[in-house]
1. Cβ contacts < 6 Å: first residue in the same structural domain as E134 (by TED's automatic domain parsing), restricted to the stretch 177-190; second residue surrounded by fewer than 14 Cβ atoms within 10 Å (Cβ to Cβ), any location; separation 6+ or different chain. Result?
2. Answer with yes or no whether E179 is within 18 Å of R36 (Cβ to Cβ) and surrounded by fewer than 18 Cβ atoms within 10 Å (Cβ to Cβ).
Amino acid sequence: METGTDQLSELMQRYARGDDGVFDEMYRLMAPRLYRFCLRLSAGKSEADDLLQETMLRVHRARATYQAGSNALHWAFAISRAVQVDRLRYWRRRPEDLGSVSDATERDRLPIGDGRSPEADALARDLVRVVTRELGRMSEKNRAAYVLLKEEGLSVKDAAAILGTTAPVIRQRAHRAYEQLRSALGASGWKEDHDGSWDAVPVRV
């Protein structure tokens, strides 16, 4: 495991034993990637903020169940995904409370662009906009599998453990998500390179 992952897991183990003094450092290490995951699961920044807050609350409540030596971030991913599934079930029962969940504009507010030039940043924003929009149109299961494998860089085995399924199912869900994204990007004028990446300049049809 990476040093940061080791440190986080050690802190989580102490927190699980009741050492509240390690929470701030644990949160500092965990929150950035956990929040990015929440953004991808959610329909916008405000919902992601709520999802992160609820996830950390459940982490606190469930800390005694954390198994020493396991990956604390992956454990938090699983909790966050469970929170979001609960929210989706609630919204299906109460569609009148959906609110900003359908607001794709807010969902697109992700940090992108490296300042190379306004044109390059504009193209990067367009690429992220298409990807983010299409992720929002996917089934929750396909989206979660894709994000864990392609964006978080987890192994198929770890993603399967987080999502509570098998490796073949994860591969299938991620493949379906990728095919959906590839179709959407192609339709938006982006050309896929031979290595699977996408040209920085859209193809003008």
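1. These pairs meet every condition: G189/V203.
2. Against the criterion (within 18 Å of R36 (Cβ to Cβ) and surrounded by fewer than 18 Cβ atoms within 10 Å (Cβ to Cβ)), E179 does not qualify.
Residues are listed down the side, and each one gets a yes or a no for (1) polar (S, T, N, Q); (2) modelled with pLDDT of 95 or more:
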{"position": "F37", "(1), (2)": "no, no"}
{"position": "R40", "(1), (2)": "no, no"}
{"position": "A43", "(1), (2)": "no, no"}
{"position": "D49", "(1), (2)": "no, no"}
{"position": "M56", "(1), (2)": "no, yes"}
{"position": "Q67", "(1), (2)": "yes, no"}
{"position": "S70", "(1), (2)": "yes, no"}
{"position": "W75", "(1), (2)": "no, yes"}
{"position": "A82", "(1), (2)": "no, no"}
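The values are calculated or read from the model by the stated rules, or taken from the named source; none is laboratory data. Every value quoted in this text rests on a predicted model; they were computed, and no experiment measured them. Because the Cβ atoms are built from the backbone with ideal geometry, glycine has one as well, and the counts that use them run over all protein chains shown.
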